[in-house]
Each structure stands twice: as C-alpha cells, then as structure tokens.
Amino acid sequence: MSVHQHFERRPKLIASDLDGTIVAHYGDITQRTIDAFRKAHSMGIEIYFVTGRPPRWMPEIKEAFGIGGAICGNGAMLYDLQSGKVLEEWLLPVDAQLETVKRLRAAIPQISFAVESHNYFHREKIYIPRWDVGLDNVGVDLIEEVMTAPALKLLARCSQQELSSDEMLEIATRELEGLVTVTHSNPSDSLLEISALGVSKGMTLAKIAARHGIDSADCVSFGDNPNDFSMLEWCGRSFAMEDGHPDARKYAKGVAGACEEDGVAIIIEELLELPA
C-alpha cells in the first residue's frame with residue numbers, strides 16, 4: 001500500500017520510537033534515516049523522538065540528528081533534546097510505587113525491581129541490569145528502601161527469564177488495573193516498564209501535538225512494541241515495524257519495513273513528496 005493512495009497531504013508532526021524502529025539493536029542509525037528526519041524538519045514538520053529511554057541515553061540521538069524534541073520514559077517526560085533540559089514530568093507517586101511492588105511480588109514471586117528517574121537508577125541486587133551496568137554497582141536488598149521520591153518509571157524483571165515480557169504483562173495488567181500504566185518494550189527481555197496511571201507515549205504525544213495546534217489526523221508515528229501501541233493508535237497515520245511485536249499491526253494503520261532496511265526513512269521520504 002502506498003502512502004499516496006489514502007492521504008493527500010504531508011504530515012505536520014512525525015513521532016518515532018527509537019530502539020528497534022530507527023535505532024538498530026547494535027545502536028546504529030543510518031545516514032538515510034538521519035537525512036529523512038532532517039529534511040522533514042527543514043520543511044517545517046515537528047519531529048519528536050518518543051522513547052522509553054531516560055534522558056541520560058539521549059546524547060547520541062542529539063548528536064546523530066541535531067534536531068527535534070523528545071518524549072522520554074514512555075511519556076513520563078517532555079525533554080528538550082537540544083538543550084538537555086527536562087521541561088515537564090508526569091511522575092509515578094511513591095504510594096503507587098509501593099503498592100505496585102506489593103501486588104507484583106504476590107503475583108510473580110521471583111520478580112525483582114529497579115526504579116528510574118532522569119538522574120538516578122536504583123535496583124535490587126537480584127535485578128540484573130542490561131544497560132545501566134556500572135551506574136549502580138551495589139544495589140539494595142529491597143527496592144522499597146529507595147522509594148522515597150516520585151519516579152520516571154518502575155522496572156520489573158524476571159532475571160532468569162522464567163516468564164516472557166508478554167506473560168508478565170498479562171499478569172501485571174490484571175493485578176495493577178486502575179493503579180498504574182504497565183507496558184513493555186522488549187518481547188525477549190522479561191521486563192516490564194511501569195508509569196503513572198494514564199501516562200503513555202500516546203497520551204503525552206496527544207498533549208504536545210495539541211500545544212502545537214496539530215490534531216491526530218496530521219500526525220504520523222512509527223513503533224514496534226507494546227509501549228508504542230497507544231501512539232500508533234492515536235495518530236491518524238501510523239506504521240508498525242515489519243519485524244516488531246506481532247500485535248503492533250492491530251494498532252497501526254500501516255506497516256513499515258524493518259529497522260535494518262530503513263523502513264521508517266522510506267515512508268518519510270514518500271510522505272515528504274506530498275503537498276503541504
């Protein structure tokens with residue numbers, strides 16, 4: 001399906017997930033992808049990188065693109081990518097953190113936790129971090145000891161991978177209903193990401209688009225995992241990654257080629273040929 005068949009006009013805002021969507025699993029971003037986003041930006045299109053990442057993982061994105069804004073922590077933070085400033089946060093309150101941990105420990109006894117803010121990462125000793133190795137070398141016995149402030153997100157992991165992320169998500173969605181928003185961004189990693197109730201990529205993107213005076217029909221988004229579903233669903237035009245989570249296509253309006261094949265760049269190039 002060509003993007004031309006259904007939509008006559010170029011979008012006013014492009015929102016893209018990073019990892020698995022425009023950043024390959026080994027961390028590379030292609031020049032074609034960088035060029036496509038820069039060209040869109042030069043044509044007056046708002047660009048937002050919408051990610052589960054905390055700000056400390058964003059400098060390479062700023063270096064690569066040199067343009068655009070960012071929504072970090074799965075919608076919990078509006079971040080000025082160019083100045084490195086946190087503009088606004090929608091954090092997870094301490095009481096909700098504690099209640100979440102209590103319910104998940106009961107439902108998944110082998111679970112372990114980490115808590116994340118933009119400037120710290122604390123984990124339990126049995127929680128094995130994949131990315132923030134060295135940031136917190138010690139760890140605590142129980143995460144409750146360090147739950148003293150509102151957090152960007154809470155991370156819950158089965159370090160021995162006893163359950164898949166999808167299986168964990170199914171249990172957590174049921175146990176945590178009405179308390180927090182729970183999602184994941186990596187099917188193979190046995191890891192949940194938990195935000196304040198009502199906080200998601202889609203909800204924050206909708207808020208930011210409204211501030212620009214742009215409605216969903218003029219927004220395009222790209223994503224590959226459950227933490228992207230809200231954004232794919234909200235945008236008038238949206239594309240699930242061909243090699244992403246199998247459920248992503250239920251929320252997106254179309255499918256983009258795989259990250260390694262410049263799937264996002266190819267669609268942006270087509271969109272930019274449309275009249276404004």
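Since every read-out is calculated from the coordinates, none of them should be taken as a lab result. Just so we're clear, the structure is a prediction, and the values are computed from it rather than from any experiment. Heads up, the Cβs are rebuilt from the backbone with ideal geometry, glycines too, and the neighbour counts pull from every protein chain shown.
Full extension of the chain between MET43 and ALA107 gives 18.0 nm of extra length, using 0.36 nm per residue less the Cα-Cα distance. Scaled against 2.2 N^0.38 Å for its residue count N, the alpha carbon radius of gyration of region 1-106 is 1.31. If you take the Cα centroid of region 161-190 and the Cα centroid of region 42-106, the two points sit 20 Å apart. Rounded to the nearest 20 debye, the dipole magnitude of region 134-264 is 680 debye, with +1 charges on Lys and Arg beta carbons, -1 on Asp and Glu beta carbons, and the Cα centre as origin.
Dipole of the chain computed with +1 at Lys/Arg Cβ and -1 at Asp/Glu Cβ about the Cα centre; of ALA256, GLY69, ALA107, farthest Cα towards the positive end is GLY69. Exposure proxy ranking for PHE49, PHE222, PHE229, based on other Cβ atoms within 10 angstrom of each Cβ and starting from the fewest, stands as PHE229, PHE49, PHE222.
Across region 94-196, C-alpha contacts under 8 Å between residues 6 or more apart give a mean separation that, scaled by the residue count, equals a relative contact order of 29 percent.
For the chain, the list of Cys residues with no other Cys C-beta under 4.7 Å reads CYS72, CYS158, CYS259.
Within region 51-126, the ratio Rg/Rh, alpha carbon atoms throughout and Rh by Kirkwood, equals 1.07. Across region 149-194, the relative contact order, built from alpha-carbon pairs under 8 Å that are at least six residues apart, equals 50 percent.
Ignoring lysines fewer than eight residues from LYS102 along the same chain, the ones with Cα atoms less than 26 angstrom from its Cα are LYS125, LYS153, LYS201. Short-range pairs are left out: with C-alpha atoms under 8 Å and at least six residues apart, the relative contact order of the chain is 21 percent.
If you bin all the Cα-Cα distances of the chain at 10 Å, starting from zero, the percentages per bin are 7, 31, 36, 19, 6, 1.
Seen from a random direction on average, the alpha-carbon convex hull of region 94-196 projects onto 5.8 square nanometres. A crude spin-label estimate for the pair LEU142 and ALA258, with each label 7 Å from Cα along the Cβ direction, gives 4.6 nm. For the chain, the 222 nm mean residue ellipticity estimated from helices alone, with every DSSP H stretch of n ≥ 4 adding -39500 (n - 2.57) and the total spread over all residues, rounds to -7500 deg cm²/dmol.
DSSP beta bridges fully contained in the chain are about 55 percent antiparallel. Projected label points at GLU175 and LEU274, each 7 Å from Cα along the beta carbon direction, are separated by 4.3 nanometres. For LYS39, the lysines whose Cα falls under 22 Å of its own Cα, not counting residues fewer than eight places away in the same chain, are LYS12, LYS62. For region 169-211, the square roots a ≥ b ≥ c of the C-alpha gyration tensor eigenvalues yield an a/c of 1.5 or more together with a/b not exceeding b/c, which makes the shape oblate.
Hey, in the GNM for the chain with a 10 angstrom Cα cutoff, which one of LEU169, LEU98, LEU87 fluctuates hardest? Maximum fluctuation in the GNM of the chain, among the listed residues, is at LEU87. In a reduced charge model with +1 at each Lys and Arg Cβ and -1 at each Asp and Glu Cβ, region 94-196 shows a dipole moment near 80 debye about its Cα centre.
Exposure proxy for SER117, SER195: other Cβ atoms within 10 Å of each Cβ, ordered fewest to most, give SER117, SER195.
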